[in-house]
Protein chains: 2
Amino acid sequence: MSNTLTDIASSVIDELSAVLSSAQIVTGARTESNRRDQSEGTPSGEPLAVLFPASTEEVAAVVTIAAAHRIPIVPQGARTGLAGGGNAIEGALVLSTTKLKKILSVDVANQTATVQAGVRTIALARAAEAVDLFYPPDPGSWRASTIGGNVATNAGGMLCVKYGVTGNFVRQLTVVLADGSIVHTGQRTIKGVAGYNLTALLVGSEGTLGIITEITVGLLPKPASPSGVSATFTHPADALAAANSIIAGARRPSVLEFLDGACIAAINAYDPASTLPAGAGALLLVQSDQLGQSREDAEAYAEVLRANGATDVAIAHDAESLERLMSARRLLHPAVHSARGGALNEDVTVPRSQLGALLDGLAEISRELDVPISTGGHIGDGNLHPVIGYNPDVPAEIDAAHAAFARVIALAIALGGSASGEHGIGVLKRDHLDDELGPVLRDLQRRVKAAFDPHSLLNPGKKL
Amino acid sequence: MSNTLTDIASSVIDELSAVLSSAQIVTGARTESNRRDQSEGTPSGEPLAVLFPASTEEVAAVVTIAAAHRIPIVPQGARTGLAGGGNAIEGALVLSTTKLKKILSVDVANQTATVQAGVRTIALARAAEAVDLFYPPDPGSWRASTIGGNVATNAGGMLCVKYGVTGNFVRQLTVVLADGSIVHTGQRTIKGVAGYNLTALLVGSEGTLGIITEITVGLLPKPASPSGVSATFTHPADALAAANSIIAGARRPSVLEFLDGACIAAINAYDPASTLPAGAGALLLVQSDQLGQSREDAEAYAEVLRANGATDVAIAHDAESLERLMSARRLLHPAVHSARGGALNEDVTVPRSQLGALLDGLAEISRELDVPISTGGHIGDGNLHPVIGYNPDVPAEIDAAHAAFARVIALAIALGGSASGEHGIGVLKRDHLDDELGPVLRDLQRRVKAAFDPHSLLNPGKKL
């Protein structure tokens, strides 16, 4: 059996060598660095090979070969994912998009950009900026992540509270289907209702419906330089009330972020330069980038924060001071991770009116299971990242962290929310999906998957 | 054979009578008023019955009966559609959503509303307004159209240039599937990536994938009272340049509409109160509803319009004068229709940079086929409505109008655009869809349709 597998494997590699150069095919121990994304505790396997196609046609050629042999394909971007969606599967072909890195066009008149899937998010943002345009979606990993990965997970970020998530900007996709055929979905135009909206269906499908090779996104005119406010609160409930009051107002914040007391304590322990007040119960960060209004907006936000009991309010109108205010938020994950050595990163959403109940429930889970949970994130979207710390050398802590992880998801779903707002399902949350979808919807999703990928070759075992 | 059909028909009506009241079942000649939407020249047939279910459960019961007998179902809203999507099919069951008219909730804290599919667009907009919230999508027929119909066609409108189309506001759908089962797609929350985005797939699917019975939409805080500008131009090219300059700027217009010289002439002939300058080559209407900026925006737009050669610029800062400025746009369709007695209403989109080529191409088609074409619409979105006039009593004019209609679609597709921006495909544009999609994408769309509706019972012959 093992011999037979090896024969097939080497024949597949021979066929791949006819369409890719030897530098584009990596096998054996050298596949190690492409086996996993940034998620902790997710399963992965040793792939048959990691492939680095450099064009849509090379992707199609690879998929055609894989399909002929019924070998699963795992598309993979920069492996910044947090749900194991890009983890290698034993015996599969990993298809890395990192050589698909051309910015094909930036169309100023139509305010669009067309890029290959492996272009880094920051490169797209910078290319837009260079012609006074703006690509808003800003996932935490945007300096490393690929646009293809962002589209595959429908990634969010801090600016999404005003501008929406990655999917809101995707107009057109070039996609290699499971049989190796190439299709172009969507329209270059702003509006378009010809055919079903397969573009929106492919966004967030985590490589299970097709392999996205090129993406056209819509861009916006560059906004004003942002002004911002940070404020600390003794009671998290006051921070929630302030955030709700900001959302209810007519001024639309471009950023509205929250950190709880545990985050603040972890950041203070991690960063000697931190100026966050010890013992604070919560921190809010608010920005406006509205043309002609951003200063006035920031002052108005400061008033709302003070009126809701903020104890320490700082306003920044220039980039440097604003960056200082925001730096705490960027330290959340490294700080919490460093506190114990391990951290499970949650990504639940709830209706905003349930944020208080979510925070109460998180405190209860932390207490009952004796696990540290530090919670921060996109409070304006109702999308928080409870980060569950554990010592990776203590099996009981690992188990408790995973038990807490499952309870947090169940809590969010019970509050009318979802297991994932922006990180994806991957392998990490697959088992929780049925609770959220129910059997009829799950079966419908599987029929949709089969319509795209009848032999389940595209990232099998992920997402669904 | 006819006897057999009648037997089946009467047995089906008996079964339906067990789940609906007699007032909810209309048969025979009384179905006449439910056979067609507002499109001209589209085919329709005599349905077996028109049904008026009043709850999701009644819809499910009806679909279960229809599925058991393999009888097609045509969902139908207010019949304001312009592509024949809601036209009755011979022998089918027409499922009118007009009794599904409950506003189920307006959730101020979470800025959402949940309504049944038959709620009129204006009723949803008013319910949001009553609690200082805002539902932006404003299709031309919004006073009569249903939200269900808007979702089924992904309807647009004048405000979409700033706020996006109907689909951008849809969070959650309750849907009766082809076998009568009920599913809830999407999330109540702002973000969510659990499962495939079936909500976005159902938006714009024109009743061919499932029957939408309830809809949760996101709402926005109420914007500022709009200010606006109207301007006429001697040369349409100058109006285009002005529109492009406005779009390229940082100020985001809430309305950016265009009328060509033929529209202006038709409106002047139709409305004795019209004050549009005779002989003008184009009209632009621009608005801003930006908090604290709308007056300044309107003044800035006026400057841009003048700089691009506008001959007649009027600014309005109050609702009444603004309504006067906008009234010309609302007269477009009645004016053009009345000029000849018949009018085919196009709905093509092109990349904005191709608008000049589109206008040139329309002039050429008008000249070559000797048909009057008046073009207006959402120039900021690249979505125009060339309206092709004809005398319905002159067969040669009908033929020429239809020939021009097909050429306009081919022109838009050749310019990188789409056959429909917001009206839908229905039966009207079905034959043009293959040109736009190509065979691989068309087959994929059909497999998706089959995943939802294996026996093709839901609005067969529409959309695809």
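The values are calculated or read from the model by the stated rules, or taken from the named source; none is laboratory data. Bear in mind that the values here come from a model prediction, so they are computed numbers and not experimental data. Cβ coordinates were reconstructed from backbone atoms using ideal geometry, including for glycine residues, and neighbour counts include every protein chain displayed. Each accessible area value is taken on the protein alone, full model and side chains, heavy atoms only, with ligands, DNA and RNA left out. Shrake-Rupley method; radii C 1.70, N 1.55, O 1.52, S 1.80 Å.
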Restricting to region A:66-93, give me the number of residues that are open to solvent by 40 Å² or more (accessible area, probe 1.4 Å), assigned to a loop (DSSP other than H, G, I, E, B) and of a type outside the set (A, V, I, L, M).
3
It is to be established whether one or more residues within region A:292-302 are in the same structural domain as A:Gly228 (by TED's automatic domain parsing), hydroxyl-bearing (Ser, Thr, Tyr), touching a strand residue (DSSP E or B) at 6+ places or on another chain (Cβ under 7 Å) and at pLDDT below 95.
no
Pair list, Cβ under 6 Å, 6 or more apart: region A:118-144 residue under 19 Å from A:Lys102 (Cβ atoms) and among the aliphatic types (A, V, I, L, M), other residue part of a helix (DSSP H, G or I) and at pLDDT 95 or above
A:Val119/A:Ile147; A:Leu124/A:Ile147
Take region B:279-306 and flag every residue that is free of Cβ contacts under 8 Å to residues at least 60 places away in the same chain and more than 13 Å from B:Val229 (Cα to Cα).
B:Gly279, B:Ala280, B:Gly281, B:Ala282
Looking at region B:159-188, I want the residues that are farther than 30 Å from B:Met326 by Cβ and free of Cβ contacts under 8 Å to residues at least 24 places away in the same chain and have a partner that is among the β-branched types (Val, Ile, Thr) and open to solvent by less than 20 Å² (accessible area, probe 1.4 Å) with Cβ atoms under 6 Å, at least 6 apart or on another chain. Which pairs are those?
B:His184/B:Thr174; B:Thr185/B:Thr199
From the options A:Gln287, A:Gln293, residue that is touching a Ser or Thr at 6+ places or on another chain (Cβ under 7 Å) and either more than 22 Å from A:Ser366 (Cα to Cα) or open to solvent by less than 40 Å² (accessible area, probe 1.4 Å) (or both):
A:Gln287
Selection status of B:Thr153, crowded, with 24+ Cβ neighbours inside 10 Å and outside the structural domain of B:Pro72 (by TED's automatic domain parsing)
yes
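Residue by residue, here is whether (1) surrounded by 20 or more Cβ atoms within 10 Å (Cβ to Cβ); (2) within 14 Å of another protein chain (Cβ to nearest Cβ) holds:
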residue	(1), (2)
A:Arg306	no, no
A:Asp318	no, no
A:Ala343	yes, no
A:Pro351	yes, yes
A:Gln354	yes, yes
Among the residues of region A:94-119, which ones are open to solvent by less than 30 Å² (accessible area, probe 1.4 Å), of a type in the set (S, T, N, Q) and within 19 Å of the chain's Cα centre (by Cα)?
A:Ser96, A:Thr97, A:Gln116
For the list (1) surrounded by fewer than 24 Cβ atoms within 10 Å (Cβ to Cβ); (2) in contact with a strand residue (DSSP E or B) (Cβ under 9 Å, 6 or more places away or on another chain); (3) among the β-branched types (Val, Ile, Thr), I need the number of the one condition that B:Ile122 fails.
(2)
Of all the residues that make up region A:169-194, how many are facing chain B (nearest Cβ under 7 Å) and out of contact with any strand residue (DSSP E or B) (no Cβ under 8 Å at 6 or more places or on another chain)?
1
Enumeration of residues in region B:178-211 that are hydrophobic (A, V, I, L, M, F, W, C) and touching a Pro at 6+ places or on another chain (Cβ under 8 Å)
B:Ala178, B:Ile211
Would you confirm, using the coordinates I've provided, whether B:Leu100 is in contact with a Gly (Cβ under 8 Å, 6 or more places away or on another chain) and modelled with pLDDT under 95?
no
Which residues, counting only those in region A:364-392, are acidic (Asp, Glu) and open to solvent by 20 Å² or more (accessible area, probe 1.4 Å)?
A:Glu364, A:Glu368, A:Asp370
Filtered residues of region B:393-411 (kept if open to solvent by 40 Å² or more (accessible area, probe 1.4 Å), touching a residue at least 60 places away in the same chain (Cβ under 8 Å) and either within 14 Å of chain A (Cβ to nearest Cβ) or touching a strand residue (DSSP E or B) at 6+ places or on another chain (Cβ under 6 Å) (or both)):
B:Ile398
For B:Leu177, work out the one condition from (1) under 19 Å from the mean Cα position of the chain (by Cα); (2) at pLDDT 95 or above it doesn't fulfil.
(1)
Out of all the residues in region B:202-229, which are within 12 Å of chain A (Cβ to nearest Cβ) and either in a strand (DSSP E or B) or out of contact with any helix residue (DSSP H, G or I) (no Cβ under 9 Å at 6 or more places or on another chain) (or both)?
B:Thr216, B:Gly218, B:Leu220, B:Pro221
If I filter region A:251-265 for residues that are within 14 Å of another protein chain (Cβ to nearest Cβ) and more than 28 Å from the chain's Cα centre (by Cα), do I get at least one hit?
no
With respect to B:His423, determine if the residue is under 28 Å from B:Gly180 (Cα atoms), modelled with pLDDT under 95 and either part of a loop (DSSP other than H, G, I, E, B) or open to solvent by less than 10 Å² (accessible area, probe 1.4 Å) (or both).
yes
Just give me the residues in region A:171-201 being outside any loop (DSSP other than H, G, I, E, B), among the β-branched types (Val, Ile, Thr) and open to solvent by 20 Å² or more (accessible area, probe 1.4 Å), in sequence order.
A:Ile182
Does A:Pro43 qualify as being in contact (Cβ under 8 Å) with a residue 40 or more places away in the chain and open to solvent by 30 Å² or more (accessible area, probe 1.4 Å)?
yes
Could you please find all residues in region A:231-261 being open to solvent by 40 Å² or more (accessible area, probe 1.4 Å) and in contact (Cβ under 8 Å) with a residue 12 or more places away in the chain?
A:Thr234, A:His235, A:Pro236, A:Ala237, A:Asp238, A:Ala241, A:Asn244, A:Ser245, A:Arg251, A:Arg252
Kindly indicate which of A:Gly207, A:Gly228 is crowded, with 23+ Cβ neighbours inside 10 Å, more than 18 Å from the chain's Cα centre (by Cα) and modelled with pLDDT of 95 or more.
A:Gly228
Per the filter on region B:187-204, residues over 19 Å from the mean Cα position of the chain (by Cα) and at pLDDT 95 or above are B:Tyr196, B:Asn197, B:Leu198
Could you say whether any residue in region B:369-383 is free of Cβ contacts under 8 Å to residues at least 60 places away in the same chain, more than 30 Å from B:Gly148 (Cβ to Cβ) and of a type in the set (Ser, Thr, Tyr)?
no
Can you tell which of B:Gly461, B:Gly438 is more than 18 Å from A:Val183 (Cβ to Cβ) and surrounded by fewer than 18 Cβ atoms within 10 Å (Cβ to Cβ)?
B:Gly461
Being under 23 Å from A:Pro454 (Cα atoms) and open to solvent by 20 Å² or more (accessible area, probe 1.4 Å) narrows it down to one residue among A:Ala18, A:Ala61; which is it?
A:Ala61
